[in-house]
């Protein structure tokens, strides 16, 4: 038997992953905006640079939520 076999994530694991990813997203946004403010960078410029990363996180969150719905 292969040691690399994966088992489907449980609903609890998916819920925990969603919560952790949401917390990471909020922390990333908050800390980045705070650092940009200290560096006197425009908020719009900071958000524009942060947007691709936020989009990736949102995409993963959407996939996890879909998987969570499928498990229920």
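The values are calculated or read from the model by the stated rules, or taken from the named source; none is laboratory data. What you see is a predicted model, and the numbers here were worked out from it, not measured in a lab. Glycine also receives a Cβ, built like all others from the backbone with ideal geometry; neighbour counts cover every protein chain displayed.
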Review point. If we scan the range 29-42, do we find a residue that is surrounded by 13 or more Cβ atoms within 10 Å (Cβ to Cβ), at pLDDT 95 or above and outside any helix (DSSP H, G or I)?
Key: yes
Review point. Among all residue pairs at least 6 apart or on different chains, which show Cβ distances below 6 Å where the first residue, located in the range 45-72, is more than 11 Å from residue 25 (Cβ to Cβ) and the second is surrounded by 10 or more Cβ atoms within 10 Å (Cβ to Cβ)?
Key: 46/36; 64/14; 64/17; 64/18; 67/14; 68/14; 71/11
Review point. Do you know which of the residues in the range 16-28 that are without any contact (Cβ under 8 Å) to a residue 40 or more places away in the chain and within 8 Å of the chain's Cα centre (by Cα) is surrounded by the most Cβ atoms within 10 Å (Cβ to Cβ)?
Key: 25
Review point. Among (1) outside any helix (DSSP H, G or I); (2) closer than 18 Å to residue 16 by Cα, where does residue 70 come up short?
Key: (1)
